[in-house]
Amino acid sequence: MLKANAPKCNIRGNVVVEENPYLPERARIVRKFDLTRDVRFFQVRICDPDKVMTWTTNYKPGQFMMVSLPNAGEAPFSITSTPSRPGLFEFCIRKVGRLTSKLFELKENDYIWLRGPFGNGFPVEMMYGKDLLFVAGGLGAAPLRSVLLYALDYRDRFGKIFYLYGARTPDDMLFREEFFRMKERDDFECYLTVDADPTGLWPFDIGVVTSLFKYVNVDADNTVAIVCGPPVMYKYVVDEFLKIGIPDDHIFMTLERKMKCGIGKCGQCVVEHKYTCVDGPVFTLWDVKNIRTLI
Amino acid sequence: MNREIFIEPVARVEGHGGIEVIIENDRVKDVKVDIFEGPRLFEQLVVGKSPEESVSITSRICAICFASHRLADIYALERALGVEPSPKTKLLRRLLHYGEMIESHALHYYLLALPDYFGYPDAISMINRFPDEVMGGLELKKFGNLVMETVAGRRIHGENMLIGGLGKLPSDEDLDMLKAKALQLIPTIERGIQLWNEIDVPAYMEEETMFVSVWPEDGSYGFEADTIYVSTGETFPADDYKKVTNERVVAHSFAKRCRYKGKPYTVGALARILNMADRLDGLAADYFKKLYNERWRRNPHYNNIAQAIEILFCLEKMPSLIDAIKEAKYEPVKPTRKDGSGTGLVEAPRGLLIHHAEVKDGLVSYADYVIPTTQNLDDIEKYIRNAAEALLKQKVSEMELPLEMILRAYDPCISCSVHLVKVIRK
Amino acid sequence: MGKPKIGIYGLTGCAGDQLNIINCEDELLKLFDIFEIKSFVMASSAKDEEIELDVAFVEGSVSTEKDLEHLQEIRKKSKILVAIGHCAVYGGVQSMFMGNEEWMERYKRVYGKESAVTLTPPLEPKPLAAYVKVDAVLPGCPIEKEPFLKLAGKLAHGVVPRVPDYPVCAECKWKENECLLLKGEICLGPLTNSGCGAICPSMNIGCIGCWGPIAKENMKSEAMLLMEKGFDMDEVAKRFAIFGGVERAEALKSLVSSSTKESGK
Amino acid sequence: MRVFKLKRENFIPFMKGLSKFGELWGPVRKGDRYVYANEPPEKFVLNAIRTIVPAKKFFLPQKSTILKFKNNEWREHYDVKKRVIFGLHPCDIHALNIYHKFYTRLYPDPYYLKNRENTLIVGLSCLPDENCFCHLTDTETVNEGFDLFLTDLGDKFLVWVGSPKGDESLKLVKDLIEDTTQKDIDEYVEWRKKRRSMFKVSLDLEGMPEILTFNYDSPIWEQMGTACLSCGTCTMVCPSCTCFDVDDEFDIRTDEMNRQRYWYSCVFREYSMVAGGHNFREARSERLKLWYTHKLVGFMSEYGSPACVGCGRCVVSCPVDINVITVAKALLKEKPDAFWARMASSNVEVQHA
Ligand SMILES: Cc1cc2nc3c(=O)[nH]c(=O)nc-3n(C[C@H](O)[C@H](O)[C@H](O)COP(=O)(O)OP(=O)(O)OC[C@H]3O[C@@H](n4cnc5c(N)ncnc54)[C@H](O)[C@@H]3O)c2cc1C
Ligand code: SF4
Ligand code: SF4
Ligand code: SF4
C-alpha cells in the first residue's frame, strides 16, 4: 500500500525510504472475461495474504494502479472495483498495444504485478449529501463504475443518483448485463444509449450521450457531476452540465496521459505545472479552465 | 535446363550462390556457378560522391571484409589525391587489417570449414567432441572483432579509418590490452592448427594452378603493397592490375571472370602463403614447414590450413606492431589535389582485392573494383569439375558435400551458404 | 510457451546483420538455447524450411524477383517478421537514388544490355515493407549487438519491440560528447535513429546516418543549418541521401529542386 | 557557516585525503569542453566552466537498472558507489537542490536518495563567461546543498562547510586546513566584487513567468518549432531536467529481466503520445512550449522559483539556438540573432515530408 510521503528530509540530512515506490507487488488473476470485442475484465488478488485487505480497502474510487508484466512494460489502469467491496481489484483493459496484448494472453491464475494505488481519486467525502450525475462514454465507464458502486454501497450518504452511459453500439457497452440489472433498481436512475444499433434489438435510447440529459433532474447547486470518456466527448457533456447550472468546481473528470512512473517523477504526464498522475487524474472543470492543454 | 551464370562484378554473395553440376550420360557435361545476389551497383553508387563518402559506401560492399574494402578504397583515393598518411596511421591500418584477418579466418576455419571435415552441420554441434577447439575458435574470432572495434569503432562498418588519418586514436591502454590478449591466444591457434593432422585431405580434384597475391616491397609477409606477384615469378605495379585480372565477359554468363594468360588462377590465404613462404618467420614459419607438402600446390583444401597459419602470423606480429604504433608519430593529412586516379591493392582474407578510383574536381568520377571471388571462380569450377569426374560413380547425395567443400575451401563469400552444389543427373 | 521457433534469412545486402548475430560470441550458445533456430544458413547447414515460425529475421533489400519470392514465402510461414539492418528496413545504400528513374541506366552501365540477365530478373532495391507487412524493425548498417540482444530478449517473450523515438543525439549526449554540428561539421545525428550508441560522434566523426532516418525528422532545419555553416545544398542533399532510404529520397527531390531555385537567384 | 583556509599547494593532498570517502570525480578536459570524470586530482581543471553534462548523471544516471526480475519476483537493484564529486559551481548546486526537492517530495525516490547519501559534494567557485547568467536567476551564490565548498582566491582556497557530512569529511584532511584571517575575508569580498562585474548577459528574467503566460499563443513558438531538431540535447544537458523513460530489458545472458530507466526528453515525439496513437503534443512547437512553460512557470507554482539556474548549458549546446536566453529575448520582443529566427525570416522554401 503506497502512500505519498511528506518530505521527511532536508538537503543536509539523510532520508530513510520505507518503501520503494517503483517496486511492484505480485497478484494473481482470479477471473477474466470479455466485456466487448477488445475490452476485457480482470479480477485480481494480491498474492501476499497480509496485504489483501489493507490494499483493497485503502484506495479511493478514481485512483489507478500501475499494472505490469515483465518485458511487456508497465501502464496505468483505473481501478474499476470499489473499496466498499474489498478482497479483489478489478480492471477493464482495452487491447491497444504492447502490454495490453500480453495481458490478453494471460489465463486465470497467471501472475500480474501491481503498484499503487496512485492519483488523487474522486473526493467522495465531499460528495456526501449531494446529488450525483455520472456521464460515461465508452471505456470511461471503467473508472466511473468504481464511484458508482461505492455510492450505491453507501446509498444513504448521497442524494439522487443519475447514471448516463453511451456507447457506440450495444456490443461496445461495458458491463451491459450489470447495468441492465441496475436499471431495475429504484434507488437510482440509469440511462443507457448507443450511437447506432445494427442489431435492431436495443431496447433503450439511441443517440449520443448528451441526448440522455433530458432525463436528468437534479438540484444544480447541490450536484456533483462526473464525466469520463473519449476526449471529444468532454466539451459537449460539460456544456450540458453548465446548462443545468452545476458550478465549475463540482464538475469532475478523469483524464488520460502517458505515465511511466505514476508518482510524479518521469514527467511524461505533465501539463503545465500539474502531474496528471499525482495531481490528477481527477480534475475539476475549474482546473481545466486554468491549466491550459489539460483537455 | 540452360541457365546462365550471373555474378555481379562487385557482389558479395554469401547465402546467394549456387553451383550446378550437370551430368549427362555419366559424363560431367557442365559446371555452372549461379549467384543470385541482387545487383547493388556499387561502382555506380560512388560516382559523384566525395572521397570520404566513397570510403563509407564501399565498406558496405561486404560485412566480413569491410576493412579490406575500406582500406583498398582509402589507398586508391589517397593515391589519387596525393595523400601520404603519417606512420601511425599506416601502422594502425595494418592492425585493423590483422584484426579482420583473424576474425574472418577464425570464422571460416572453425565455424564453417572444420565442421565439414569432421562431419557436423555446424560448429555448435561439433562442440561436444572438440570443446576446447571450438571455444578457442570463438575466442579468436572475438579477439579479431575486438581489434576491429578498438581501431575502427565497431566490428562491422567501423567509420574511424579515414582518408589521411583517423577520427580518434585508440588509447595506449587499449592497445596494451590487445597486445596482452594476442600473446595469450597464440597457444589457442596452435591447438587449432594441430587439428589439421587429424584430417584426411581429399585428393580427387588435384591439379596444378597459378597463385596471385600482393608483393610487399619491403620484403615482408603482408597484406598491402603496390605490387602484384604471380607465381610464375612475374610482378606488376598496382595500376597495371588489369594485365593480371583480364576481366572478361564470358559468353554464357553475365559475370566477369578473371584469367591470367588464359589460365585460371587462385587468390587467398593459400596463394599468399605459397607466394611469400620465404618471408614467413617465427612459429608461423615452423608450422608451415612442418605441414607443407607438394599437394598444397594442387589442392584448394589447403587454403584452410593456410588461413589458420595466417591467424598465427597475425597474432605473433601484433605485439611488435603495437609497440611500433605507440612510438609512431601521428598527424592527419589533407588531400593535396582534387584530381587524379589511383589503385589500392590489399589482401582481403579471401584474396587479392583491387579498388581503382578516379577523382575529378574533388568528386569520384569512375570506380572499378575487382574482388577475390571473381578471380577464383574459374579455378573453383575447374576443381569442382575434376572432383565430379572422380566421384561420378557415387550417389548424387554423396557427391554434393565433397563438391561443396571445394567451393567452401575458397571461403568465397558464399561459403556460409549450404547446399551450394546441386548435382543433376540426366 | 515452448521455445519460440525462429529463422534468420538474408536477401540482398552485405550480410553484416547476420554476421553481427554470429558476432554475439558470448551469447550465441544462449541464443541457440532460448530460441529453436530453424534456419540460419549463414551459421548452420541444419535447416528445416517447412515449419511455421514464430519469428523471422530478414536482412537485405528486395533486389531480384527471387528475393521477392523468398520474402513472400517467409512472410507466409512467420507470425512475426522482423526487418533487420538498413537494407531491410530502409533499402540500404543501394536504394539511395530511389525513384529518380535512372536505375536501369546505371544497371546497364555495369552490366551492358538489360536482357543479358536471365537467371532472375533484377528489381530496383527496396525495403521489405514495400512488399510485405513488417511487424518490427531493427535498423542499423549494421545492427549492433546490444540492441539486437535486447530485441531478442523481447521477442523471446513474444513482445513486439518498437524503435525508440529519439535520435542519435540523445545517445551522443548520454556519452557526453561535444556537438560536432556546433563545431561546423556535418553530422546527421539529429535525423538518425538512435541505437548505435553514437559511435561515430564519439570518435569525432559526424554521423553519416547509417541507422536510417528517424520518423518525422526535421530535415529542413538541418539542411538550412548546414547551409549556414557553409555547405552547399547539393552536398547536403547527397549526404542525406546515402542512408536516407526510399522515403527520404522522395522528400529530397523537393529539397534539391528548391535549392536549385534558390541558387538560381 | 564554518570557513577554513586551504593553501593552494595543499590542494592535491586535500583532494587525495577526501578520496578516502570514495571515488574522486572532478572536471577534466574533453575537447574544448569539460566532463566530470574519475581521474586523479592533478587532472582536474580548476577554472573549468560548465561540464557538457551536469552532475545529475551521478544521481539519475543516463541509464540505470532499478529493478530486477527473477523467479517471479521483482527486486530492487541499486548500483551505488561512494563518491566525492568535486567542482560543482553554485548554479550546479542550486540545480541539485531543485533535484532534491523534486525527488524527495510525495514519493521519495530511493535511488536518488541512496546516491545522494553516498556522495560528498565539494563545490568550487567560478568566474562567469559570456554565457553565464546565474546573476539573473538568483543562483550565483549558494548556502546549502553542498558538503564542502571551495572558493578559489589564487594562492589559497576558502573551504566552507555546508553539512555535518562535510564537517565529518574534514577529519580526513585536518592537517591541511587552517583558520581564516581578516585578510582572507577582505580578499574574499574583493573577489566577489570582481566576479559580480564579470557577468555579460543582461535580461529581465524575473518577469518570465508572467511574460510566458501572456505569450502563450505567440507566433514565436511556431518559428522555433520549425527549427527544433527534437534532438533532446537541451534537456540532456540541463541540470534541472528530470524526465525519464522506463523499459524492460531481458538479458538473455543472465536470464534476468532488468527494468531500466534512462534520460528522456519532453521534446521527443512520443513524449505525450497515449494509447491509440493520440499525441497531445504532436507539433514540435507544442513540445517546446511545454519545456519553457514547465521550467519557467510550472516550477514557480510548485517550488516557488523557476527551475533555470543560469548555467548556460542550453545556450552553448543547442545546434539551432533554442535556449533560455534566445527564447526570453524573443518573448521580450528583442529580436534575437538566433538560427531559428533567421530561419523563420528566410525565404528559402524547402519542402519535406
Ligand atoms: C490514469 C489512467 C487510467 C487508465 N485506465 C485505463 C483503463 O482502465 N483501461 C484501459 O484499457 N486503459 C486505461 N488507460 C490507458 C492505458 O494506460 C493504455 O491503454 C496503456 O498504456 C496501453 O499500454 P500498451 O503497452 O498496451 O500500449 P503501447 O504499446 O504503449 O501503445 C499503445 C498505443 O499507442 C500507440 N503508440 C505508441 N507508441 C507508438 C509507436 N512508436 N508507433 C506507433 N504507435 C504507437 C499505438 O496506437 C499503440 O497501440 C489509462 C490511462 C491512464 C493515464
Ligand atoms: S555531435 Fe551530432 S549526434 Fe552529437 S549532439 Fe551534435 S548533432 Fe547530435
Ligand atoms: S553515429 Fe551515425 S553513422 Fe555512426 S554508427 Fe551511429 S548511426 Fe551510424
Ligand atoms: S535552462 Fe539552460 S541555462 Fe537554465 S539551467 Fe537549464 S541548461 Fe542551464
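What follows is calculated from the coordinates using simple rules that are stated; it is not laboratory data. Just so you know, these numbers come straight off a predicted model, no measurement behind them. Here Cβ is always computed from backbone atoms with ideal geometry, including for glycine, and neighbour counts include all displayed protein chains.
Numbers below:
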read-out	value
Folded to 0 to 90 degrees: helix B:172-194 orientation relative to chain B principal axis, Cα	20
GluC sites (Glu not before Pro) restricted to region D:280-320 and DSSP loop, no more than 14 other C-beta within 10 Å	D:GLU282
R0 of 56 Å, Cβ-Cβ distance C:LYS229-A:ASN290: FRET efficiency to nearest 0.05	0.80
Simple spin-label estimate for C:ASP26 and A:ASP249 in nanometres, 7 Å along Cα-Cβ	6.0
Inter-chain Cβ neighbour average for residues C:140-150, partner chain, 10 Å	3
Test item: B:379-385 mean partner chain Cβ contacts at 10 Å	0
Loop-resident sites, region A:93-198, for GluC sites (Glu not before Pro), counting at most 14 other Cβ within 10 Å (DSSP)	A:GLU105, A:GLU108, A:GLU184
Volume per residue of the C-alpha convex hull in the protein assembly as shown, rounded to whole Å³	202
Nitroxide proxy distance, nm - points 7 Å out along Cα→Cβ at C:ASN204 and D:VAL189	4.8
Partner chain coverage, peptide C:213-226 - average Cβ within 10 angstrom	6
Alpha-carbon Rg with Dmax, taken over region D:178-269, Å	23.3, 64
Nearest-0.05 FRET efficiency for B:GLU234 and B:ARG279, computed from C-beta distance (R0 22 Å)	0.80
Placed amide H near D:GLU256: partners under 5 Å, 5+ positions off or other chain	D:ASP251
Highest average packing first - D:168-176, A:74-82, A:196-204, Cβ atoms within 10 Å	A:74-82, D:168-176, A:196-204
Ratio Rg/Rh [Cα only; Rh per Kirkwood] for region B:49-175	1.08
Normalised convex hull volume, region D:33-91, alpha-carbon set, Å³ per residue	107
Inverse mean reciprocal Cα-Cα distance (Kirkwood Rh) of region A:57-201, Å	16.5
Paramagnetic label zone (point 7 Å from Cα along Cα-to-C-beta, A:VAL96; backbone N under 13 Å) in region D:272-316	D:272-280
Sum of -39500 (n - 2.57) over DSSP H runs of 4+, divided by residues of chain B (222 nm, nearest 500)	-13500 deg cm²/dmol
Chain A: angle of helix A:231-244 to the longest principal axis, Cα-based, in degrees nearest 10	60
Distant-in-sequence amide H partners of A:ASN120 (H built 1.01 Å from N, under 5 Å)	A:GLY280, A:VAL282
Mean Cβ neighbour count within 10 Å, used as a protection proxy, ranking B:386-399, A:261-274 highest first	A:261-274, B:386-399
Acute angle (nearest 10 degrees) that the helix B:87-106 long axis makes with the longest principal axis of chain B, alpha-carbon atoms	20
Highest-first arrangement of C:190-201, D:44-55, B:61-72, where packing means the average Cβ count within 10 Å	B:61-72, C:190-201, D:44-55
Average silhouette area of chain A, convex hull of alpha-carbon atoms, in square nanometres	16.3
Estimated translational D of region A:16-117 in µm²/s (Stokes, Kirkwood radius over Cα pairs; 37 °C; 0.692 mPa s)	239
Local electrostatic count, D:THR226, Cβ distance below 11 Å [Lys/Arg +1, Asp/Glu -1]	+1
Calculated over region C:125-263: convex hull of Cα atoms, volume per residue (Å³)	112
Amide H within-cut-off set for B:LEU162, under 5 Å, with H built and near neighbours excluded	B:GLY167
Chain D, helix-only ellipticity at 222 nm - DSSP H runs n ≥ 4, -39,500 (n - 2.57), divided by all residues, nearest 500	-8500 deg cm²/dmol
